[in-house]
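Here is the structure we will look at, set down as structure tokens.
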């Protein structure tokens, strides 16, 4: 199968030399050439044209007799670059949305209203990696839905990221779908969620008391997010590396 850039002939305007007068005829020839270029249609030669949808392409539909709208989403992948991967481990993982297709393999229909959007929702675990499988989903929510970083207790916050594909808005007495990240695979980088702590020497070592913190660095998914926070303000991560000063006796 071959595609060529149409059969419409485009006549180039005559050359104009320095000092020549610019005439209406010459200007119109420019306009005519641009119109022919605009109206060119690709010509397909072969037996069949194959239309492959772009990844995470969103299509709007209307449910007959109800007046309610829905969207379907073409197949797409979430590429995770896992910075915490070790020696000889694959650092790239490819995930798909668990609820994108029904049991028959057809795209799932998601009911949507104006002011709402369809998102790819990705969750991270306590160690900074993407939760795979059923924790990666397509969801309908308010178009201003906020994404959150993982924060350990005392009031824990989930690492939950909402990649907006498209939103539905009212438009001239009807509605229209406004694309955002639709038409592309999604890249999501992760790393280690951890705390690095250096403590002072305990005042009374024989009592096994907890020594005061001299330095604390907190990381979420491999990125430094805070320094010096107290444990009451931010609990320690599941991955914790702590040591006392080497001169303790």
What number goes with the only condition from (1) more than 17 Å from the chain's Cα centre (by Cα); (2) at pLDDT below 95; (3) farther than 30 Å from residue 234 by Cβ that residue 85 does not pass?
(3)
Residue by residue through region 232-249, note down the ones that are at pLDDT 85 or above and outside any strand (DSSP E or B).
232, 233, 234, 235, 236, 237, 238
Filtering region 76-105 down to residues that are out of contact with any strand residue (DSSP E or B) (no Cβ under 8 Å at 6 or more places or on another chain) and surrounded by 10 or more Cβ atoms within 10 Å (Cβ to Cβ), which residue is nearest to residue 175 (Cα to Cα)?
102
For residue 2, are the conditions met, namely being within 30 Å of residue 185 (Cα to Cα) and modelled with pLDDT of 70 or more?
no
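Would you point out the residue of region 149-168, among those that are free of Cβ contacts under 8 Å to residues at least 60 places away in the same chain and in a strand (DSSP E or B), that is farthest from residue 238 (Cα to Cα)?
167
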If I ask for residues that are under 11 Å from residue 193 (Cβ atoms), touching a strand residue (DSSP E or B) at 6+ places or on another chain (Cβ under 6 Å) and surrounded by fewer than 19 Cβ atoms within 10 Å (Cβ to Cβ), which ones from region 212-226 would you list?
219, 225
If residue 127 meets every condition in (1) surrounded by fewer than 15 Cβ atoms within 10 Å (Cβ to Cβ); (2) outside any strand (DSSP E or B) apart from one, which number is that one?
(1)
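Do you know which residues across region 227-239 are surrounded by 11 or more Cβ atoms within 10 Å (Cβ to Cβ), free of Cβ contacts under 8 Å to residues at least 60 places away in the same chain and in contact with a strand residue (DSSP E or B) (Cβ under 7 Å, 6 or more places away or on another chain)?
228, 229
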Tell me, please, whether a residue that is under 24 Å from residue 52 (Cα atoms) and within 14 Å of the chain's Cα centre (by Cα) can be found in region 97-113.
yes
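The values are calculated or read from the model by the stated rules, or taken from the named source; none is laboratory data. Values in this document were obtained by computation on a predicted structure and should not be read as measured data. Note that we place each Cβ from the backbone using ideal geometry, even for glycine, and neighbour counts take in every protein chain shown.
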